[in-house]
Amino acid sequence: MLPAYAELHCFSNFSFLRGASHPAELVERAAELGYGALALTDQGSLAGVVRAHEAAKAIGFKLLIGADITLADGPHLVVLAPDLSAYGDLSELLTLGRRAADKGQYHLQRADLQHFSRHLLALWLPERGPIPSPATWQADAEWLAQHFSGRLWIAAEQHGHADDLEWLAHLHQLSQQTGLAVVAAGGVEMHRRSRRPLHDTLTAIRLGQPVAECGYALHANGERHLRQRLRLAQLYPAAWLEETMRVAERCQFSLDSLRYQYPQELVPPGLTPASYLAREVHSGLHGRYPGQVPLKVQQMVARELDLISSLAYEAYFLTVYDIVSWARRQGILCQGRGSAANSAVCYALGITAVDPARTEMLFERFLSKERNEPPDIDVDFEHSRREEVIQYIYQKYGRDRAALTATVIRYRPRSALRDVGRALGFDEEQLHRLSSILAWWDKRDDLPARLADAGCDPDSRPVQWLLQLVNQLIGFPRHLSQHVGGFVISHGPLSRQVPIENASMTDRTVIQWDKDDLDIIGMLKIDVLALGMLTALRESLQLVSARYGKPFGLTDIPAEDPAVYDMLGRADSIGVFQIESRAQMSMLPRLKPKHFYDLVIEVAIVRPGPIQGGMVHPYLRRRQGLEEVDYPSEAVKNVLQRTLGVPIFQEQVMQIAIVAAGFSGGEADQLRRSMAAWRRTGKLEPFRARLTSGMLERGYSQDFADRIFRQIEGFSEYGFPESHAASFALLVYSSAWLKRHEPAAFCCALLNAQPMGFYAPAQLVQDAQRHGVEVRPIDVQASHWQCTLEDGTNGPALRLGLRLVEGLGTAAGQRIAAARPAGGYRSPAQLAQLARLDASTLATLATLATADALHALSGNRREAWWDVSGLTRHNDLLDTAPIDDSLALPAPELGEAITADYHSVGLSLRAHPISLLRPQLSTRKLVTATALSTMPNGRLARAGGLVISRQRPGTAQGVVFVTLEDETGSINVIVWSDLVNRQRRELLESRLMLVYGVVQREGDVVHLLARRLVDATPLLGDLSPRSREFH
Amino acid sequence: MRPGQRRSAAEALASSLRCLRRDTAAEHRAHNALAAWALQFSPMVTLDPAPALLLEIGSCLAYFGGLERLRQQVDAGLIDLGYTVQQGCAPTPLAALWLAQAGRPEAVALATLPETLGQLSFTGLPLAAEQIASLRRLGLQTLADVQSLPSRGLSRRLGLQLAQLLDRALGRQADPRQPYQPPDQFERQLDLNYPVQASEALLFAGRRLLIELSGFLRGRGLGVQQVTLRLTLQQRPDLESGQSQPLSAPHHATALPENRSHFDLMLAFGRPTREVAEMLGVLKEKLAVNPLPAPALGLTLQARVLHALDAPVSDLFSNGQSAADFALLAARLKARLGDQALTGIQPHPDHRPERAWRTSQQPDNAPQLPATLRPAWLLHTPQPLELRDARPWLGEPLQCQGRAERIESGWWDGAPIARDYYLACGPSGRRYWIYFDRKEQSWYLHGLFD
């Protein structure tokens, strides 16, 4: 007869680099062994409990929640939460300990534990040193008994050591002395004995030395696993095993009983959350639709409010509403993205900007009753001001009620390989070579050959261990980090729901759970995200307002301006949100957007999902009238009509599942979730059967069902929801309008919002110049820190700001602009004096001279440098007594000046470097970008330019797209993978690249298909514009 | 490849690239060895920042048969050592250095020096990077460009260093150099009046040299741990001395006449010393086990590496069992039995009992064994035990005492174990350390207590 047993002391891999099994593995193994219960007791952490809870719930197994705590002033304990109050205490205790220590550590003392000891159970683990210390034990026992009276046990752990029996006797004696019961425990750190090598490896990683040198830091054996009850019966007295069940019996807490509430204080007195929300929504609707609210919208709002009420999510919407309203009052531009844009309520509250009257919305994508999962509202704020929003949240709710969501940083193949490799004693050289073959990691058949290529014997013992351990380690949590912006806010203290710890950023705190955990527990989060384009839009609008002399906002931008669509149809989209990439640019002339909805499609279609699902070409053919649009049924037609019968958005796939295969809204959403995860989990097959049978039943052909399924697979993680695409399309249109009609303001704002987007300042400025904007150089007599607009001969002129000067500090730059006298500075010396550039910022003046920003004061760069370097240091202040020994030095040649411009400012207004080389290029029969764009398909051509970007999209099978730039524009080069392999050096190393190839023209889209690449970098001398590489 | 390139970028270009770490210590040693080597051409050799060497040759031109022949010899010698050479020759050390750096081998006379130097770029000058950058920013390229600017203004901007350098290079200002000093070494030779082969006579002669060494060391507060006694033999022996000279190390041995050769005895003392008696003791042991293949004509004692002696080695307690005496004993034993014959033993942190200790030449403080009861004597290889009546048997039935100590470890080095260890007793009262191999499911004897 096997004894009943509950494991009360167990670490998962959320005790980082200690536990060698996932929480779910532990739970499942414990159930398999017939344990009565399992307590997850990670080191000062509850980060793994939700995963354990989910696994336990799925198989109906009893999970206890607790933590392993070593007090700084002793003793070592396991605390368990028998009920909700105890759980709250535990969470608060861990918060206290984590907040008092550096990231990843905790610090707790007796006084702390004492404060939270009223409900918790405690298992005492007396220190098993070489010599038992009865006096210390006695003192510890008394202190513990005082605070955990009736809730205290001595925990006995037996791990097959030579002195086990002695230890057992000691504990017997201690039990008799103190009157405390002894309970058996396992000190488990892995679910099976076979994880011992991984456990040793984790120890080695923790200690930062090879396993072979870890010596006695390793466990002597693998006994710290979930052991067979038969083995336990041999090791522990029966009474001690029985006691485990009594302890487990006292624990009746489940995470299901956590009651989570969003803040209630936003509701004015006398109103309920529901009535307040309804009031705000209706007043919002009247603002959105000044005349009559469309019936469709009224119905949607009514339905949504019903659902929100029945799920009691009012307070969540009100919280987001409050944050967004606050941001608006501060003049911070913000806009909801993602699935929230499916909600008319969000539109009414000003959270999202997609007009439900104008688009199809699938509210289930956002919120559904069946899903029983909280909605996710993501809001973008101006990236330069998001921190203000975050600090507002902390200030309004306090750090005990608001915290960022965690992101669990997990081992990925590269990091696992590195850490395991070091632990196994591979040298850095070998690891480096091994990491180069990571791409083949999943391809088991190829791996041995690749290993051999990397100089490793695939059959050798170390390599075999490496493979096995790396595969086990991949997916292990390594540490907690902060989510990009996911906030959890609660009505009561959040720290009683989940421990809160310090993030590595100062002034940030994170909870121990990530977004999946929150979904399971049913906690709501709001994503406070940052978007550079919002910053640029706000500034553009401010500049335009200043010029018009009246406020000009986003809503003042005229809708559906044909001039904007003409511009986009020419792929003239540098700087425009989302559609400025090369792939988007080559789509624009094919799609030729004419209406707002075309932009929604444009945003969504140039994505790996539709590309891999094979949706792009059918859509384009149908749009150009080259292919007939047909629908298998009226119901499907309703869903797909707006995209010409080709599913492009996630919502459409869900709707087809609903109308053609009989899925419910909630089921369709599950399908979407599986779509997102199927590459990881492979759990799409069950849906295939359901989808196919459902469609066949409703009279659709097998062929149609297969096609839909293939498209679903193609979507994978990369499909865009329509609502999200629509939100982004609004920003596309606004930014495109500004580019078309206010190019100076738009370019100025983009430059000031850098770094963002796809292009460097050099390209943005050249683009503005091509559109007739007068651009003026950086000048200490005129420039501000930011780029600014000045009156020009022909509309506003763009004055480059000091922020573009490489190496110039913000503070110094701002002082230079602020201290400038009305008539400008008289000399570099006066500049130094007035702008309070102290001795250490002699370097600042040097930087300005290098950037040619002193040309108005000193002349050319060389003369400026002579002047600046002549200012001597004196008593930590620049000696500004004028020693006029100015010198006339010959001006640098144009090429040298351009080189210097690129080095210090990243762009040059003098001339494009390629224009200087044009005579040389012409003798080699190279043509300009402009000439190339007029050539017919199939013509042999040569062109060259500065390499602006190299891209190797995952969807393009090794093809590399190179963008070159010459003095007339950009050249799009396609390099097939065989050429990539043959001319790797030219491809990767050239800064000036010449391409011999063939023109590939499709309508207005022209590419140069490379046949040979030439690295002409030496022609540039040491000119080095920085190439932006996206891989 | 180019300097400053990212490793990943370099590897993308050449997948077979092998990266090696730069060994500045080795460069330093080689630089010094070359300086010592160069002493054969001039007594005044200066170590400039690596990799340059400055030789003052004005005073030794006649000896080497003129400038050209001297320069050829230097070149040939360096090439022979495996180096590439860039020479410069000028009346001042700086000018010579700059010319060498610029790859201008022609000898320049004082009169034409300003013009020649003016053609050089200033980038090789020993100036701070920012000073070089400053000159560049002014649009300058050559030293002549630099000299064309107002010198006061330039000094105010760049400091006096540049002007001083130019003055020294042009010989307008003295440029004293610290000559290279070869390291302190001891080398004494003693010629014997007649061929000697008897070890007593050799010991007598050796003692004289050791006394000289001891005095030399005492004067400097130094000691030696190892010396070489080189015996010049009458005839070429069949036996090779076994000593090889590193290529880059200077050779002090002069060519020997046809019928002579030499025989090296290495004397190691276990610790730094300068006590004649200690050294003589080791010499005696060495001579006893290494008979001379031929009579000796002379002896040379060389001590290349000298150690500081912290405190004077006291003679007061020489009869006590001090650590120093133990070290001397070990050294003497090694001298007689060979280096490999004598090892120490120390604990080693490994859970596997057979690997929980190891031999070592140098004892250090290894972690203590965990507190377990283990026999001091382990069998070299565990001995399989037969089973009788389902109990392990070793001439008598063995009874396991207490609980198993389970040891599972060592998966990483190909000698994994999974064993349950027991203390076992037989009716005879003997105590054994036995284990049950969990993989093989069989019993072994691993050690004996007492």
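The values are calculated or read from the model by the stated rules, or taken from the named source; none is laboratory data. Quick caveat, the model's predicted, so the values are computed rather than measured. Don't worry about glycine lacking a Cβ; one is built from the backbone with ideal geometry, like all the others, and counts go over all protein chains shown. What goes into the accessible areas is simple: the full protein's heavy atoms, side chains included, and nothing from ligands, DNA or RNA. Shrake-Rupley method; radii C 1.70, N 1.55, O 1.52, S 1.80 Å.
Against the criterion of being open to solvent by 60 Å² or more (accessible area, probe 1.4 Å), at pLDDT 80 or above and either out of contact with any Lys or Arg (no Cβ under 8 Å at 6 or more places or on another chain) or farther than 22 Å from A:S701 by Cβ (or both), A:P686 does not qualify. Exactly one residue among A:V980, A:V947 is surrounded by 15 or more Cβ atoms within 10 Å (Cβ to Cβ) and either at pLDDT 90 or above or part of a loop (DSSP other than H, G, I, E, B) (or both), and that residue is A:V947. Within region A:838-853, at least one residue is at pLDDT below 85, open to solvent by 20 Å² or more (accessible area, probe 1.4 Å) and touching a helix residue (DSSP H, G or I) at 6+ places or on another chain (Cβ under 7 Å).
Beta carbons closer than 8 Å, at least 6 apart along the sequence or on distinct chains, never pair a first residue in region B:147-167 that is within 11 Å of chain A (Cβ to nearest Cβ) with a second that is of a type in the set (K, R).
Checking each residue in region A:62-79 for being open to solvent by 10 Å² or more (accessible area, probe 1.4 Å) and part of a strand (DSSP E or B) picks out A:L63, A:T70, A:H76.
Being out of contact with any helix residue (DSSP H, G or I) (no Cβ under 7 Å at 6 or more places or on another chain), of a type outside the set (S, T, N, Q) and at pLDDT below 95 holds for only one residue in A:A39, A:A101, A:A30, and it is A:A101. Taken as a whole, region B:231-249 holds at least one residue that is in contact with a helix residue (DSSP H, G or I) (Cβ under 8 Å, 6 or more places away or on another chain) and modelled with pLDDT of 80 or more.
Taking the criterion of being under 24 Å from B:P49 (Cβ atoms), exposed (fewer than 15 other Cβ atoms within 10 Å of the Cβ) and modelled with pLDDT of 85 or more, no residue of region B:143-163 qualifies. Confirm whether A:G160 is crowded, with 19+ Cβ neighbours inside 10 Å, within 14 Å of another protein chain (Cβ to nearest Cβ) and without any contact (Cβ under 8 Å) to a residue 40 or more places away in the chain. So A:G160 fails the test. For region A:1-45, residues that are in a loop (DSSP other than H, G, I, E, B) and farther than 21 Å from A:Y411 by Cβ total 12. Elements of the type helices (runs of 4 or more DSSP H) sitting completely within region B:20-136 and holding at least 1 residues that are open to solvent by less than 70 Å² (accessible area, probe 1.4 Å) and over 30 Å from A:R862 (Cα atoms): these cover B:24-38, B:61-64, B:67-80, B:93-102.
Taking strands (runs of 3 or more DSSP E) as the structural unit, those lying wholly within region A:442-551 and holding at least 3 residues that are more than 30 Å from A:F746 (Cα to Cα) correspond to A:477-489, A:500-502, A:509-514. Taken together, A:D378, A:D400 contain a single residue that is more than 14 Å from chain B (Cβ to nearest Cβ) and outside any strand (DSSP E or B), which is A:D400. Is there any pair with a first residue in region A:536-551 that is at pLDDT 90 or above and a second that is open to solvent by 80 Å² or more (accessible area, probe 1.4 Å) whose Cβ atoms are under 9 Å apart and which are 6 or more apart or on different chains, and what are they? Pairs that qualify, where the first residue is at pLDDT 90 or above and the partner is open to solvent by 80 Å² or more (accessible area, probe 1.4 Å), are A:L541/A:P551; A:S545/A:P551. Scanning region A:805-823 for residues that are closer than 27 Å to A:P761 by Cα and out of contact with any Ser or Thr (no Cβ under 9 Å at 6 or more places or on another chain) gives A:T810, A:A811, A:Q814, A:R815, A:A818, A:A819, A:R820. Each residue in region A:415-425 was checked for being open to solvent by less than 20 Å² (accessible area, probe 1.4 Å) and either closer than 18 Å to A:D457 by Cβ or within 11 Å of chain B (Cβ to nearest Cβ) (or both), and 4 pass. Of all residue pairs spaced 6 or more apart or on separate chains, those with beta-carbon atoms under 8 Å, a first member in region A:664-685 that is under 23 Å from A:L367 (Cβ atoms) and a second member that is of a type in the set (F, W, Y) and modelled with pLDDT of 65 or more are A:L671/A:F663; A:L671/A:F687; A:S674/A:F687; A:M675/A:F715.
Within region A:472-493, identify whether any single residue is polar (S, T, N, Q), surrounded by fewer than 18 Cβ atoms within 10 Å (Cβ to Cβ) and out of contact with any strand residue (DSSP E or B) (no Cβ under 9 Å at 6 or more places or on another chain), and answer yes or no. No, there is no match, as no residue in region A:472-493 is polar (S, T, N, Q), surrounded by fewer than 18 Cβ atoms within 10 Å (Cβ to Cβ) and out of contact with any strand residue (DSSP E or B) (no Cβ under 9 Å at 6 or more places or on another chain).
Of all residues in region A:788-837 being surrounded by fewer than 16 Cβ atoms within 10 Å (Cβ to Cβ) and of a type in the set (S, T, Y), which is modelled with the highest pLDDT? Top of the filtered list is A:T810. Note on region A:216-241: residues that are within 12 Å of another protein chain (Cβ to nearest Cβ), assigned to a helix (DSSP H, G or I) and surrounded by 19 or more Cβ atoms within 10 Å (Cβ to Cβ) total 1. The residue pairs whose first member lies in region A:449-466 and is closer than 24 Å to B:A415 by Cα and away from chain B (no Cβ under 12 Å), whose second member is open to solvent by less than 50 Å² (accessible area, probe 1.4 Å) and assigned to a loop (DSSP other than H, G, I, E, B), and whose beta carbons are closer than 7 Å, counting only pairs six or more residues apart or on different chains, are A:V463/A:C456.
Residue-by-condition table, conditions (1) more than 14 Å from A:F317 (Cβ to Cβ); (2) modelled with pLDDT of 75 or more; (3) among the aliphatic types (A, V, I, L, M); (4) more than 25 Å from the chain's Cα centre (by Cα):
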residue: A:C346; (1), (2), (3), (4): no, yes, no, no
residue: A:L349; (1), (2), (3), (4): no, yes, yes, yes
residue: A:T352; (1), (2), (3), (4): no, yes, no, no
residue: A:E360; (1), (2), (3), (4): yes, no, no, yes
residue: A:F366; (1), (2), (3), (4): no, yes, no, no
residue: A:I377; (1), (2), (3), (4): no, yes, yes, no
residue: A:H383; (1), (2), (3), (4): yes, yes, no, no
residue: A:E387; (1), (2), (3), (4): yes, yes, no, no
residue: A:Q391; (1), (2), (3), (4): yes, yes, no, no
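Scanning region A:911-930 for residues that are surrounded by fewer than 18 Cβ atoms within 10 Å (Cβ to Cβ) and either outside any helix (DSSP H, G or I) or without any contact (Cβ under 8 Å) to a residue 12 or more places away in the chain (or both) yields A:A911, A:P919, A:S922, A:T923, A:R924, A:K925. In region A:717-773, the residue that is surrounded by the most Cβ atoms within 10 Å (Cβ to Cβ) out of those that are outside any loop (DSSP other than H, G, I, E, B) and among the charged types (D, E, K, R) is A:E722. Residues in region B:158-176 that are more than 23 Å from B:A111 (Cβ to Cβ) and either assigned to a loop (DSSP other than H, G, I, E, B) or in contact with a helix residue (DSSP H, G or I) (Cβ under 6 Å, 6 or more places away or on another chain) (or both): 4 in all.
The set of residues in region A:858-883 that are more than 11 Å from chain B (Cβ to nearest Cβ) and at pLDDT 60 or above comprises A:S858, A:G859. Exactly one residue out of B:A424, B:A418 is touching a residue at least 12 places away in the same chain (Cβ under 8 Å), in contact with a Cys (Cβ under 8 Å, 6 or more places away or on another chain), within 14 Å of chain A (Cβ to nearest Cβ) and crowded, with 18+ Cβ neighbours inside 10 Å: that is B:A424.
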